[in-house]
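Q: Take a look at the following structure, please.
The values are calculated or read from the model by the stated rules, or taken from the named source; none is laboratory data. Keep in mind that this is a model prediction, so the values were computed, not measured. Every residue, glycine among them, receives a Cβ derived from its backbone with ideal geometry; neighbour counts consider all protein chains shown.
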Amino acid sequence: SAVISQKPSRDICQRGTSLTIQCQVDSQVTMMFWYRQQPGQSLTLIATANQGSEATYESGFVIDKFPISRPNLTFSTLTVSNMSPEDSSIYLCSATSGTQETQYFGPGTRLLVL
Amino acid sequence: GNSVTQMEGPVTLSEEAFLTINCTYTATGYPSLFWYVQYPGEGLQLLLKATKADDKGSNKGFEATYRKETTSFHLEKGSVQVSDSAVYFCALRLRKGAGSYQLTFGKGTKLSVIP
């Protein structure tokens with residue numbers, strides 16, 4: 001299994017600013033992902049974080065708004081840029097390893113934009 | 001496209017009651033099926049999984065059986081506890097491309113268990 005930690009666990013930010021969320025996995029993993037969970041909603045995949053190359057974004061999400069880095073096999077960052085109140089969500093890091101049989105999730109970062 | 005439909009919540013039960021949360025899916029292919037649980041203030045945790053038809057996943061007294069004929073993966077527990085209060089997500093996983101997979105989640109069902 002993989003244990004995933006995220007920093008910060010929560011933050012309150014002003015509109016127009018940016019926040020970078022860090023994700024650390026305790027073992028080497030093959031795939032890393034970033035999800036958004038808006039209040040009362042299910043999880044939506046933002047992008048797949050690729051090691052050493054640009055992330056693969058899902059429809060409706062763009063690199064300028066959600067730049068992602070993955071410099072090695074155990075670490076990734078997601079930046080929420082030029083925030084607005086609509087960006088208030090829980091952002092979750094996720095990872096799979098080996099055969100990708102199971103996908104693990106971090107505890108989430110709770111973001112409130114005022 | 002692929003989708004997961006869960007029963008609408010919230011669900012409120014008394015302690016020791018029987019729990020069923022319905023989940024059905026639509027998939028272009030042969031998915032693996034999962035139940036995740038999200039306790040208040042925490043992230044998602046894998047509860048159980050099944051990877052092929054007629055498999056039964058089980059954990060912490062919860063069970064779900066992969067029913068290909070009805071495209072269902074209903075979650076059951078014989079006797080719920082207050083500590084089971086959480087949001088439960090049904091999900092399917094399919095191959096997306098060469099060497100990659102994607103999870104598709106249902107909207108979640110909030111369970112509240114009262115003493």
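Q: Return the residues of the range B:90-101 that are over 22 Å from B:SER58 (Cβ atoms) and in contact (Cβ under 8 Å) with a residue 40 or more places away in the chain; say none if nothing qualifies. It would help to see each step written out before you state the result.
A: Just the residues of the range B:90-101 that are over 22 Å from B:SER58 (Cβ atoms), to begin with: B:94-101.
Scanning the range B:90-101 gives B:LEU94, B:ARG95.
Q: Quick check, is A:PRO107 within 26 Å of B:LYS110 (Cβ to Cβ) and either touching a residue at least 40 places away in the same chain (Cβ under 8 Å) or out of contact with any strand residue (DSSP E or B) (no Cβ under 7 Å at 6 or more places or on another chain) (or both)?
A: So A:PRO107 passes the test.
Q: Now for a separate question. Please find, within the range B:90-115, the residue that is surrounded by the most Cβ atoms within 10 Å (Cβ to Cβ) out of those that are away from chain A (no Cβ under 14 Å) and either outside any loop (DSSP other than H, G, I, E, B) or in contact with a Lys or Arg (Cβ under 6 Å, 6 or more places away or on another chain) (or both).
A: B:LEU111
Q: Hey, could you check the range A:101-114 for residues that are of a type outside the set (A, V, I, L, M, F, W, C) and not in a strand (DSSP E or B) and say which is farthest from the chain's Cα centre (by Cα)?
A: A:GLU101
Q: Turning to a different aspect of this structure: Among what's in the range A:1-16 and is loosely packed, with under 13 Cβ neighbours inside 10 Å and more than 13 Å from chain B (Cβ to nearest Cβ), pick the residue that is farthest from B:LYS110 (Cα to Cα).
A: A:GLY16
Q: A further question on this structure: So, in the range A:62-100, exactly how many residues are within 14 Å of chain B (Cβ to nearest Cβ) and either crowded, with 17+ Cβ neighbours inside 10 Å or within 12 Å of the chain's Cα centre (by Cα) (or both)?
A: Result for the range A:62-100: 10.
Q: When residues of the range A:85-100 are filtered for being at pLDDT 85 or above and not in a strand (DSSP E or B), how many remain?
A: Of the residues in that region, 4 qualify.
Q: Moving on to the next point. Could you grab me the full set of residues in the range B:21-61 that are more than 9 Å from every other protein chain (Cβ to nearest Cβ), under 18 Å from A:PRO107 (Cβ atoms) and of a type in the set (Phe, Trp, Tyr)? Step through it out loud before you land on a result.
A: From the range B:21-61, those more than 9 Å from every other protein chain (Cβ to nearest Cβ) are B:21-31, B:33, B:35, B:37, B:39-40, B:47-48, B:50, B:52-61; that's our starting set.
Applying the additional criterion that residues be under 18 Å from A:PRO107 (Cβ atoms) yields B:37, B:39-40, B:47.
Answer for the range B:21-61, where residues must be more than 9 Å from every other protein chain (Cβ to nearest Cβ), under 18 Å from A:PRO107 (Cβ atoms) and of a type in the set (Phe, Trp, Tyr): just B:TYR39.
Q: Consider the range A:22-39. How many of its residues are assigned to a loop (DSSP other than H, G, I, E, B) and over 14 Å from A:ASP87 (Cα atoms)?
A: Looking only at the range A:22-39, we keep the residues that are assigned to a loop (DSSP other than H, G, I, E, B), and these are A:26-30, A:38-39.
Imposing the further condition that a residue be over 14 Å from A:ASP87 (Cα atoms) reduces the set to A:26-30.
The total comes to 5.
Q: Restricting attention to the range B:67-89, and to residues there that are of a type outside the set (Val, Ile, Thr) and in contact (Cβ under 8 Å) with a residue 60 or more places away in the chain, which single residue is nearest to the other protein chains (Cβ to nearest Cβ)?
A: The residue in question is B:PHE89.
Q: Name every residue in the range A:1-45 that is in contact with a Ser or Thr (Cβ under 7 Å, 6 or more places away or on another chain) and closer than 10 Å to A:GLY108 by Cα, in order of residue number.
A: Across the range A:1-45, the qualifying residues are A:GLN6, A:PRO8, A:SER9, A:ARG10, A:ILE21, A:CYS23, A:TYR35, A:ARG36, A:GLN37.
Q: Could we say that B:GLY41 is closer than 30 Å to A:SER5 by Cα and not in a strand (DSSP E or B) here?
A: Numbers: closer than 30 Å to A:SER5 by Cα: yes; not in a strand (DSSP E or B): yes.
It is true that B:GLY41 is closer than 30 Å to A:SER5 by Cα and not in a strand (DSSP E or B).
Q: So which residues in the range A:32-52 are more than 25 Å from B:GLY41 (Cβ to Cβ) and either surrounded by fewer than 18 Cβ atoms within 10 Å (Cβ to Cβ) or more than 13 Å from chain B (Cβ to nearest Cβ) (or both)?
A: Scanning the range A:32-52 gives A:ASN50, A:GLN51, A:GLY52.
Q: Test each condition in (1) touching a residue at least 60 places away in the same chain (Cβ under 8 Å); (2) in contact with a Ser or Thr (Cβ under 8 Å, 6 or more places away or on another chain); (3) assigned to a strand (DSSP E or B); (4) hydroxyl-bearing (Ser, Thr, Tyr) for A:THR48 and report the one that comes out false.
A: Evaluating A:THR48 over (1) touching a residue at least 60 places away in the same chain (Cβ under 8 Å); (2) in contact with a Ser or Thr (Cβ under 8 Å, 6 or more places away or on another chain); (3) assigned to a strand (DSSP E or B); (4) hydroxyl-bearing (Ser, Thr, Tyr) leaves (1) as the failure.
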